[in-house]
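Data first, discussion second: the structure below is written as structure tokens.
The values are calculated or read from the model by the stated rules, or taken from the named source; none is laboratory data. Because the structure is a prediction, the values reported are computed rather than measured. Note that each Cβ is placed from the backbone with ideal geometry, even for glycine, and that neighbours are counted across all protein chains shown. Note: areas computed on protein heavy atoms with side chains; ligands, DNA, RNA excluded. Shrake-Rupley method; radii C 1.70, N 1.55, O 1.52, S 1.80 Å.
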Amino acid sequence: MAPFATSTRPASLQLSALLCVLLFSEVWVLQCSAAIGINYGQVGNNLPTPAQVVSLLSSLRVGKVRIYDVNPQVLAAFAGTGIELIVTVPNDLVQPMAASAGQAMQWATANIKPYFPATRVTGIAVGNEVFTDDDQALKASLVPAMRNLHAALAQLGMDGYVHVSTASSLGVLANSYPPSQGAFTPECAPLMLPFLRFLAETNAPFWINAYPYFAYKADPANVSLSYALSDPYHVGAVDPYTHLQYTSMLYAQVDAVTFAAARLGYGGIPVFVSETGWPSKGDADEVGATVENARAYNRNLLVRQVGNEGTPLRPRQRLEVYLFALFNEDMKPGPTSERNYGLYQPDGRMVYNVGLAQQQTTSAASLSLAASSAPPAMDVGKDLTSLCLISALAILLTSQAFLLG
């Protein structure tokens, strides 16, 4: 991906009006809490038990988790923890759920009702990356399935607590840079209209799986590594049409989705990152898949979360992010990178330290930013709120031997 164009051509009146609508449509209130999310995948034969995973997440004070199924053992293990959970309807159930309201009710009754509200299910992803699937019937069934499922939740009295949406890949966009030129592909746009209408009607978010790593790997000669890694001290790039400055490719990608939705009349829908990460290991042709880059990417996102940072388009609305992933998963197919996105090895060892060092005291762990990774000018002691958040995030990434508890 090349840097943004440096054209000084003024924005059109249409774009100016669009930008004004977007800047003043922030209807979601930011709450100051340690809200970083984690994707808990289970495609491995050596992973800890759900009870052990929940013990880890609880001790780390993780507040949000996304899983890719409705495993009853996992759902039961999360009961009473207060952790917000996004669960998933698999792609192969989307068409049956679209065809039958009874099927949607049966699924909700069997997989959500027995655990709710003890298990704090707050979202259901109907399928994963359906809009970029080759199955046309599957894509056409997505919104009807979502509507049937939402109706079932309403009958069960849960629609006010559980959002229904789907996670899409960045492939739904025909253009993502500069962000103000974000637009859906011609193939996706007709499907997006009813989908966005449903999200607006139900106050649900747009979930996007976004990986700046892929952009860097595809064109390392022209894509700035610092920009892809979300380095907050990188000069970044300026959108020539909105004059907004971006120091993070991820945040630019999110704003591109927001602009794309606005072009279809739905600029008020919040866009959250349901997946993002950077592999710590890859094949010979997977440029940039290193421990150093993975550490930098995730650490930079954590720093932005501590600062309650929103995107340049939505600066007062902290961007909700779910890191991918909690563990390295040894049974995932594809290149080596696919099995190396985890923050932890299955045995509980950290894959890498993201720059947060643990110092033992007589009573508890005292946590601070490691001097080797933190900018010299950073002084967290001046801000108690930031210090508390940093400590919570530090625990997330430096806890050890959790499986022995």
Q) Between Arg316 and Ala118, what length in nm is gained on full extension when 0.36 nm per residue of separation is reduced by their alpha carbon distance? A) 68.1 nm
**Q.** Spacing of the two label points (7 Å from each Cα toward its C-beta) at Asp285 and Thr202, in nm
**A.** 4.0 nm
Q | Extended-chain gain in nm, criterion 0.36 nm per residue less alpha-carbon gap, Val43 and Asn175 | A | 44.3 nm
Q: Please work out the average accessible area per residue across the stretch 118-255, using the 1.4 Å probe convention, and give it in Å².
A: 36 Å²
Q) So how exposed is His150, as accessible area in Å² (1.4 Å probe, rounded to 10)? A) 40 Å²
Q.
Given points 7 Å out from each Cα along the Cα-Cβ axis, report the Met331 to Gln345 separation in nanometres with one decimal.
A. 2.1 nm
**Q.** Rough spin-label spacing in nm, given labels placed 7 Å along Cα→Cβ, for Ala76 and Gln136
**A.** 4.5 nm
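Using a 1.4 Å probe on the protein chains only, how many percent of the accessible area of the stretch 42-163 belongs to carbon and sulfur?
Carbon with sulfur: 50 percent of the solvent-accessible area.
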Q. Taking Cα pairs under 8 Å and at least six residues apart, what relative contact order does the stretch 243-355 come out at, in percent?
A. 26 percent
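Please give the length that would be gained between Gln52 and His243 if that part of the chain were fully extended, namely 0.36 nm times their separation in residues minus their C-alpha to C-alpha distance (nm, one decimal).
Between Gln52 and His243, full extension yields an extra 64.0 nm.
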Q) Residues in the stretch 137-164 near a label at Ala99, defined as backbone nitrogen under 15 Å from the 7 Å Cα→Cβ point? A) 137-142, 144-145
